[in-house]
Amino acid sequence: MSVADRLPTGSAERAALLGSVLVVVGVAFAASPLTATFPGDLTVFVEIAVLFTVYAILVLGLDLQYGHTGLVNFGHVVFFAVGAYTVAMLASQGSFAGLSLGLPWPLALAASLVTAGVVGAIVGATSLRLRDDFLAIATLAAAEIFHSLTENLEVFGGTTGIFSIPQPLAAAAADYDTTLLVTLLVFGGLTALTYAGLKRLTDAPYGRVLRAIRADELVTRSVGKSVFTYKMQAFVYGAALAGFAGGLFALYNGAVAPTFFTIQVTVTVWIGMLLGGASNHRAVLGGLAVIMGIRLVSRFANDAAPMSSAEFASLRLIVVGMILILVIRYRPAGIWGDAKELGVDS
């Protein structure tokens, strides 16, 4: 058997291999004396790419909830924030605001998944039996409640937030540009591994049950499947992934504050998912890339526009909204989505 015959052929297997290689290369590069230097204009692109890898894990979790199971979660940012604050409170060392326990960061990162999953179970247990529109309101309310708590409780650092969070990749790298490259490699690898895990899950019979629930709960229940159990599992899995993304964000940023976790995060990942095509992992990543790319390019257009930054920001939101309206009108399944799979008119 040749080497080519031994290479993984499935999408999930290739993603898992790619993710593993990226993580290993990133860690090895950070531990080596090598450095990276980006031209000044390119740095912002790499910064956005790093943020994309974090949001990519977010949108994959949301796609499991909505795209595959039909759960309308408008409060996805709450799990992102829970993961970030868990890492901040457990791992920060000597922050002048908020709780700082100074525990090892790997333990804190693992706790971010567990804590977000537990919060997801609590929210799910109290809201998943509701109709779609009420579920959307309940999850949105949960996000606003947590945002209010982080702003007003001292344990979360209030409006100041929590600082002095360990930045393991920055500590291992030689300078800022090297840190960016290493972070992009490691986070990109973790995103690929997340994609691989979800791909395996949703391609299995378990994923077919989730899609059956999205299509018709009554029929799924009639064949003996516990609809609520499957809904709860999908909701908790998506919440845990969002918590993991929040933990990575905290370790990369070195600080957390309420302003990082507004409804704008949820809006971004929802638009990316709908733009690309729900229920298709690669499509939602493509849609997220499109929306973040538009925002990045528009930064440079702002310098040439004869208007203030506030006016330009409003115009950018209008343009993004119009793009979403056009896609929903003419491609309701998304740019790369499968209309037959989602049961919508193309």
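The values are calculated or read from the model by the stated rules, or taken from the named source; none is laboratory data. None of these values were measured; they are calculated from a predicted model. No Cβ is skipped: glycine too gets one built from the backbone with ideal geometry, and neighbour counts run over all protein chains shown. Surface areas here come from the heavy atoms of the whole protein model, side chains and all, with no ligands, DNA or RNA. Shrake-Rupley method; radii C 1.70, N 1.55, O 1.52, S 1.80 Å.
So the values come out like this:
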read-out: Single match in L296, L317, L324, L275 (criterion: open to solvent by 60 Å² or more (accessible area, probe 1.4 Å) and of a type in the set (A, V, I, L, M)); value: L317
read-out: D177 vs. criteria part of a helix (DSSP H, G or I), closer than 28 Å to L342 by Cα and either open to solvent by 60 Å² or more (accessible area, probe 1.4 Å) or among the charged types (D, E, K, R) (or both); value: no
read-out: Options K199, K225: the member that is open to solvent by 20 Å² or more (accessible area, probe 1.4 Å), in the same structural domain as A88 (by TED's automatic domain parsing), in contact (Cβ under 8 Å) with a residue 12 or more places away in the chain and not in a helix (DSSP H, G or I); value: K225
read-out: Test: residue in segment 87-98 that is assigned by TED's automatic domain parsing to the domain that holds P166, within 20 Å of the chain's Cα centre (by Cα) and open to solvent by less than 20 Å² (accessible area, probe 1.4 Å); value: yes
read-out: Candidate set: segment 101-143, residues that are in a loop (DSSP other than H, G, I, E, B) and out of contact with any Phe, Trp or Tyr (no Cβ under 9 Å at 6 or more places or on another chain); chosen: the one most open to solvent (accessible area, probe 1.4 Å); value: R131
read-out: Filter result (part of a loop (DSSP other than H, G, I, E, B) and exposed (fewer than 14 other Cβ atoms within 10 Å of the Cβ)) within segment 27-60; value: S32, P33, L34, T35, T37, P39
read-out: Residue list for segment 68-78, filter: out of contact with any Leu (no Cβ under 8 Å at 6 or more places or on another chain) and part of a helix (DSSP H, G or I); value: V77, V78
read-out: Qualifying positions in segment 227-261 - more than 14 Å from the chain's Cα centre (by Cα) and within 30 Å of G94 (Cα to Cα); value: L251, Y252, N253, G254, A255, V256, A257, P258, T259
read-out: In segment 249-264, the residues that are part of a helix (DSSP H, G or I) and open to solvent by 10 Å² or more (accessible area, probe 1.4 Å); value: F249, L251, Y252, N253, T259, F260, I263, Q264
read-out: Some residue of segment 270-292 being under 29 Å from F156 (Cα atoms), without any contact (Cβ under 8 Å) to a residue 24 or more places away in the chain and not assigned by TED's automatic domain parsing to the domain that holds A88; value: no
read-out: Residue among L109, L99, L128, L103 that alone is of a type outside the set (S, T, Y) and in contact with a Lys or Arg (Cβ under 9 Å, 6 or more places away or on another chain); value: L128
read-out: Residue satisfying all of: in segment 148-166; in contact with a helix residue (DSSP H, G or I) (Cβ under 6 Å, 6 or more places away or on another chain) and under 21 Å from I122 (Cα atoms); surrounded by the fewest Cβ atoms within 10 Å (Cβ to Cβ) among these; value: F156
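The rows are residues; the columns are (1) in contact with a strand residue (DSSP E or B) (Cβ under 6 Å, 6 or more places away or on another chain); (2) modelled with pLDDT of 95 or more; (3) not basic (K, R).
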| position | (1), (2), (3) |
| --- | --- |
| Y230 | no, yes, yes |
| Y237 | no, yes, yes |
| G247 | no, yes, yes |
| A250 | yes, yes, yes |
| V256 | yes, yes, yes |
| T262 | no, no, yes |
